[in-house]
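K.L.:
Take a look at the following structure, please.
The values are calculated or read from the model by the stated rules, or taken from the named source; none is laboratory data. Computed from a prediction, not measured in an experiment: that's the story for all the values here. Reconstructed Cβ throughout: ideal geometry from the backbone, glycine too, with neighbour counts over all protein chains shown. What goes into the accessible areas is simple: the full protein's heavy atoms, side chains included, and nothing from ligands, DNA or RNA. Shrake-Rupley method; radii C 1.70, N 1.55, O 1.52, S 1.80 Å.
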Amino acid sequence: MTKLEEYTKIIETWKDCKKCNLQNFRKQVVFGKGNLCANVLFIGESPGREENEAGRPFVGISGEILEDRMSPYGFDWKNSFVFNTVCCRPCDVNEGMNRQPNDDEIINCRPLLNSILNLIQPRII
């Protein structure tokens, strides 16, 4: 099985995840982006509002900052991969603002992160 096929299988397994309450606030599970054969994997905290809308991580200001920080070292989306510890947007229900994921949410997403780490096997995280 190719890495793309394995990645597709991971997405199919997790796209309807209901392990925690974050499922109630997401538009979609936000999976990673980049090169599945990358030597470098960046791990973010969680998707924000823009990522939840787009279905891809690091598309807003966080993506711009990451690209600015990566480019002087020769990294780009062609030779790296980015993923989050939590793949659904944690937000304050009353205010609709982003919040940090809690320990249970991180623990629930850890098997997904482990699957990605095992698939990509980056040299640098």
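K.L.:
Any idea which of (1) closer than 23 Å to GLU5 by Cβ; (2) at pLDDT below 90 is the one ALA38 doesn't satisfy?
P.N.:
For ALA38, the exception is condition (2).
K.L.:
Which one of these is among the aromatic types (Phe, Trp, Tyr) and more than 16 Å from the chain's Cα centre (by Cα): PHE81, PHE42, PHE58, PHE75?
P.N.:
Details: PHE81 fails: more than 16 Å from the chain's Cα centre (by Cα); PHE42 fails: more than 16 Å from the chain's Cα centre (by Cα); PHE58 fails: more than 16 Å from the chain's Cα centre (by Cα).
Only one candidate qualifies: PHE75.
K.L.:
In segment 22-78, what residues are touching a residue at least 24 places away in the same chain (Cβ under 8 Å), crowded, with 19+ Cβ neighbours inside 10 Å and small (Gly, Ala, Ser)?
P.N.:
Correct list: GLY32, GLY34, ALA38, GLY44, SER46, GLY48.
K.L.:
Within segment 59-80, take every residue that is touching a helix residue (DSSP H, G or I) at 6+ places or on another chain (Cβ under 9 Å) and assigned to a helix (DSSP H, G or I) and give me the one that is nearest to GLN121 (Cα to Cα). Working first, answer last.
P.N.:
Narrowing segment 59-80 to residues touching a helix residue (DSSP H, G or I) at 6+ places or on another chain (Cβ under 9 Å): 59-63, 75-77, 80.
Narrowing the set further to residues that are assigned to a helix (DSSP H, G or I) leaves 61-63.
Details: ILE61: 27, SER62: 24, GLY63: 22 Å.
Step by step, filter segment 59-80, then rank; the result is GLY63.
K.L.:
Additional query: Suppose we keep only residues that are part of a loop (DSSP other than H, G, I, E, B) and out of contact with any helix residue (DSSP H, G or I) (no Cβ under 7 Å at 6 or more places or on another chain) within segment 4-17. Which one would you say is surrounded by the fewest Cβ atoms within 10 Å (Cβ to Cβ)? Can you show your working first?
P.N.:
Start the filter on segment 4-17 by keeping residues that are part of a loop (DSSP other than H, G, I, E, B), which leaves 15-17.
Add one more test, that the residue is out of contact with any helix residue (DSSP H, G or I) (no Cβ under 7 Å at 6 or more places or on another chain), and what stays is 15-16.
Numbers: LYS15: 11, ASP16: 9.
In this case the residue turns out to be ASP16.
K.L.:
What pairs can you find where one residue is in segment 96-125 and without any contact (Cβ under 8 Å) to a residue 24 or more places away in the chain, the other is assigned to a strand (DSSP E or B), and their Cβ atoms are less than 8 Å apart, with a gap of 6+ or different chains?
P.N.:
Matching pairs, first to second residue: MET97/CYS91; ARG99/CYS91.
K.L.:
Here's a follow-up. Take LEU112 and decide whether it is at pLDDT below 90, surrounded by 17 or more Cβ atoms within 10 Å (Cβ to Cβ) and either among the polar types (S, T, N, Q) or within 16 Å of the chain's Cα centre (by Cα) (or both). Break it down into steps so the answer makes sense when it comes.
P.N.:
Working: at pLDDT below 90: no; surrounded by 17 or more Cβ atoms within 10 Å (Cβ to Cβ): yes; either among the polar types (S, T, N, Q) or within 16 Å of the chain's Cα centre (by Cα) (or both): yes.
No: the conditions fail for LEU112.
K.L.:
Could we say that PHE83 is surrounded by 14 or more Cβ atoms within 10 Å (Cβ to Cβ) and part of a strand (DSSP E or B) here?
P.N.:
Values: surrounded by 14 or more Cβ atoms within 10 Å (Cβ to Cβ): yes; part of a strand (DSSP E or B): yes.
Criteria met by PHE83.
K.L.:
Could we say that ASN52 is closer than 23 Å to PRO101 by Cβ and over 14 Å from the mean Cα position of the chain (by Cα) here? Write out each step before concluding.
P.N.:
Values: closer than 23 Å to PRO101 by Cβ: yes; over 14 Å from the mean Cα position of the chain (by Cα): no.
So ASN52 fails the test.
K.L.:
Something else now. Would you call MET1 under 22 Å from ARG123 (Cα atoms), without any contact (Cβ under 8 Å) to a residue 40 or more places away in the chain and open to solvent by less than 60 Å² (accessible area, probe 1.4 Å)? Spell out the reasoning first.
P.N.:
Numbers: under 22 Å from ARG123 (Cα atoms): yes; without any contact (Cβ under 8 Å) to a residue 40 or more places away in the chain: yes; open to solvent by less than 60 Å² (accessible area, probe 1.4 Å): no.
So MET1 does not fit the description; no.
K.L.:
Working carefully through the options ARG56, ARG26, find the one that is over 20 Å from ILE120 (Cβ atoms) and in contact with a Lys or Arg (Cβ under 6 Å, 6 or more places away or on another chain). Lay out the reasoning, then the answer.
P.N.:
On the way: ARG56 fails: over 20 Å from ILE120 (Cβ atoms).
After ruling out the rest, the residue left standing is ARG26.
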